[in-house]
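The values are calculated or read from the model by the stated rules, or taken from the named source; none is laboratory data. The shown structure was predicted, so the numbers you read here are calculated from the model rather than taken from an experiment. So basically every Cβ, Gly included, is an ideal-geometry build from the backbone, and we count neighbours across all protein chains shown. Just the protein is used for accessible areas: all its heavy atoms, side chains included, with ligands, DNA and RNA removed. Shrake-Rupley method; radii C 1.70, N 1.55, O 1.52, S 1.80 Å.
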Amino acid sequence: MILYTAGIYILSFFLEVLAFFNPKIKLGVKGRKQTYKNIKKKIDSKDKTIWFHCSSLGEYEQGLPVFEILRQRYQKHKIILTFFSPSGYEIRKHSKIADVVTYLPLDTKANAKRFLDLIHPDFTVFVKYDIWPNLLHELKQRGGRAILISALFRSKQSYFKFYGGKRKTALFSFEHIFVQDEQSKTLLSSINYTNVTVSGDTRFDRVSNQLLQSNTLNFITEFKDGSTCVVIGSSWQEDEAILIPYINANASEHLKFIIAPHEIKSGHIKDITSKLDVPTVLFSEKEGQLLTSYKVLVIDTIGLLSKAYSYANIAYVGGAMGQTGLHNILEPAVFGVPIIIGKNYDKFPEAFAMIEQAGVTSVKDENDLKTVLDTLITSNEYRHTEGDKNAQFILKNKGAVVQIANYIRI
């Protein structure tokens, strides 16, 4: 553990240096300096507490259905929600699911002791990964209870290698691990960890809850105006490079496009709009506009994509055309629409399953995209069949949250 802890101190030094050049890293460095102060304001030594930890926004969304149940079930407990990444904390720092939302301190032994002294959790839930050995070791030494949910393991990870001793030991700090698939259970068995349940992915329950909410966005209703609509969610430049030529050649009053890019900085938005040759309107500039006259709507804000997918006849989910990582394909799937993704989805088992069993299609280039989109647009029957496969896939895979909630007793 000495080498690991030394590595954390070295990481801390480099983060301080990089913070001068990287705004995202700067947010994390600055935010961690406020962690203990934030906790002391809200948590007293006599409080009963529950601790939720997520690496980033995606893990928060994954864990939220479980968090909501615990919030309702244990109303006398105060809840601490921690993030490692600024992309999670900055978006969900005002989440009502917790009494305190803060950054997780870096994983040194001293930080672990100080942090746990302050929050003293009766129960801890980690989501998917972001497993920190010093924190978990200290928690176990204190008799703390912790579980890991929606975990997904691969054979290449250090837990299953000869050099992965410290990280492997950290897994045994969890009293139970809920995994997404049988392969993960088998891998844990190979290191003699047996307190495992194959519960599936809590994201299926999370996205299903979207159907219980109002998904109406009046400005999209006006923009769409009864046309066929392709919603492009969480796109990156690699995705846009194959999509924009298709949009320029095919957008019309009967075929409209909504682009909700992952990166909404002004430079990226300008790059998108400068390449579009068809009437385009930004969300931020929509007021006073006749939205029906536009062929493309660019959503240059966050928090609307999950509702925007409800307007899709076809969805393209970004991230897999390049190397940044495929974004959430379950969000549009729940609305029963066919989905197109890029070619690099190796680390996303739901993509493999949905390509094989449901209505997801992977494309490798601009020509592939044109073939698939043309088919989906011109054949209503095929489009509806593929979309229905996605809706049924979501329905079939619900239930992880119930299994996890039934296990937890505090």
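So the values come out like this:
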{"item": "Test: residue in region 89-102 that is touching an Asp or Glu at 6+ places or on another chain (Cβ under 6 Å), open to solvent by less than 40 Å² (accessible area, probe 1.4 Å) and not β-branched (Val, Ile, Thr)", "result": "no"}
{"item": "Region 2-11 - residue that is without any contact (Cβ under 8 Å) to a residue 60 or more places away in the chain and open to solvent by less than 70 Å² (accessible area, probe 1.4 Å) and, of those, farthest from Lys113 (Cα to Cα)", "result": "Gly7"}
{"item": "Of the criteria (1) over 19 Å from Ile39 (Cα atoms); (2) of a type outside the set (A, V, I, L, M); (3) touching a strand residue (DSSP E or B) at 6+ places or on another chain (Cβ under 9 Å); (4) part of a helix (DSSP H, G or I), which one Asp130 fails", "result": "(4)"}
{"item": "Phe178 being crowded, with 21+ Cβ neighbours inside 10 Å and in contact (Cβ under 8 Å) with a residue 60 or more places away in the chain", "result": "yes"}
{"item": "Per-region count, region 12-34, residues closer than 17 Å to Phe115 by Cβ and in contact (Cβ under 8 Å) with a residue 60 or more places away in the chain", "result": "5"}
{"item": "Any hit, region 320-332, residues being touching a residue at least 40 places away in the same chain (Cβ under 8 Å), open to solvent by less than 10 Å² (accessible area, probe 1.4 Å) and over 18 Å from the mean Cα position of the chain (by Cα)", "result": "no"}
{"item": "Residue ranges of helices (runs of 4 or more DSSP H) in region 14-100 with at least 3 members within 21 Å of the chain's Cα centre (by Cα)", "result": "23-32, 57-73, 86-92"}
{"item": "Exclusive hit being more than 18 Å from the chain's Cα centre (by Cα), surrounded by fewer than 17 Cβ atoms within 10 Å (Cβ to Cβ) and small (Gly, Ala, Ser), set Ser284, Ser310", "result": "Ser284"}
{"item": "Pairs, first loosely packed, with under 14 Cβ neighbours inside 10 Å in region 244-270, second among the β-branched types (Val, Ile, Thr), C-beta under 8 Å, six or more apart", "result": "His254/Thr228"}
